[in-house]
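The values are calculated or read from the model by the stated rules, or taken from the named source; none is laboratory data. All values derive from a computational prediction rather than experimental measurement. As a convention, Cβ positions derive from the backbone with ideal geometry for all residues, glycine included, and neighbour counts pool all protein chains shown.
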Amino acid sequence: MEEYASQFLSLTIEYAPKLALAIITLIVGLWLIGIVANILEKTLVTAKTDKTLIPFLKSLASWVLKILLFISVASMVGIATTSFVAVLGAAGLAIGLALQGSLSNFAGGVLLLIFRPYKVGDLIESQGHVGKVKEIQIFNTILTTFQNKTIIIPNSVVSSNSITNISGNGTIRVDMEIGISYGSDIDKAKEVILNTVSKNEKVLKDPACAVGVNALADSSVNLLVMPWCKSEDYWDVYFGVREEIKKALDANQIVIPFPQRDVHIINS
């Protein structure tokens, strides 16, 4: 018993200072990491970084610093950290292979939040879906369609394919095709359309609306009407102006023809 007590005492004398120093280092280190994380958060807020990206970057920096701190503390106590780091790396590789789909979505989310091809509130088209961006998460982008449907698209798919940001520039051109009969006066039809469009309060004066012949179709001369508006007024202009043009053409006896076909009968 005396021998065991002597060994315990010698080990205590040898490791007690190291253990005390390690505990102090751990406590002070965690306190400093908290301060660094808060400073990083304030810096990102001041730099007007995307609100979705701020908590992610703060959490990522905090965990990286904590892992480094724990490895340092273990080394101070006398634990061999080389094998620990190797095990940690192997575990990270195994987890990465198992979650490679999720990690690709994670990487895509980081890229989207950093380069910001769109932001919350933008109207975009991606993967055949058109909708307003409701939320940009780390793994998914959530859209709300005009039918109030929720579309969830993985970020890996969004970041690696084409994205159309419909409302990104603040203004948008609303293209609509209007057909008139071949017997109608094109100049008069263009004048009526331009006068009608100019009276709509949501149509911008600059750039000015343009009207031109877009196609000589089988049954009609198709005019392309191109008014400009603010992005948020797109659908009001698209539906409202189209209805106003129809009423104005009717009032001026300009015919919008039905599909028709001429049949020639030859008596032999």
Could you say whether any residue in the stretch 195-218 is farther than 30 Å from R261 by Cα, outside the structural domain of K132 (by TED's automatic domain parsing), out of contact with any strand residue (DSSP E or B) (no Cβ under 6 Å at 6 or more places or on another chain) and acidic (D, E)? yes
Matching option when the condition is farther than 30 Å from L60 by Cα and either out of contact with any Asp or Glu (no Cβ under 9 Å at 6 or more places or on another chain) or part of a strand (DSSP E or B) (or both), among N169, N161: N169
Could you please let me know if D218 is of a type in the set (D, E), in contact (Cβ under 8 Å) with a residue 24 or more places away in the chain and surrounded by 12 or more Cβ atoms within 10 Å (Cβ to Cβ)? no
By residue number, the members of the stretch 153-189 that are free of Cβ contacts under 8 Å to residues at least 40 places away in the same chain and surrounded by 14 or more Cβ atoms within 10 Å (Cβ to Cβ) are I153, I186
Subset of the stretch 108-152 [of a type in the set (F, W, Y) and surrounded by 14 or more Cβ atoms within 10 Å (Cβ to Cβ)]: Y118, F139
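Conditions tested, residue by residue: (1) loosely packed, with under 15 Cβ neighbours inside 10 Å; (2) among the acidic types (D, E); (3) part of a loop (DSSP other than H, G, I, E, B); (4) free of Cβ contacts under 8 Å to residues at least 24 places away in the same chain.
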{"residue": "L194", "(1), (2), (3), (4)": "no, no, no, yes"}
{"residue": "N200", "(1), (2), (3), (4)": "no, no, yes, no"}
{"residue": "K205", "(1), (2), (3), (4)": "yes, no, yes, yes"}
{"residue": "Y234", "(1), (2), (3), (4)": "no, no, no, no"}
{"residue": "V255", "(1), (2), (3), (4)": "no, no, yes, no"}
Identify all residues within the stretch 160-196 that are of a type in the set (V, I, T) and under 30 Å from H129 (Cβ atoms); write none if there are none. I163, T164, I166, T171, I172, V174, I178
For E177, are the conditions met, namely being in a strand (DSSP E or B) and at pLDDT below 90? no
With the requirement that a residue be surrounded by fewer than 14 Cβ atoms within 10 Å (Cβ to Cβ) and under 26 Å from the mean Cα position of the chain (by Cα), what does the stretch 26-49 give you? K42, T43, V45, T46, A47, K48
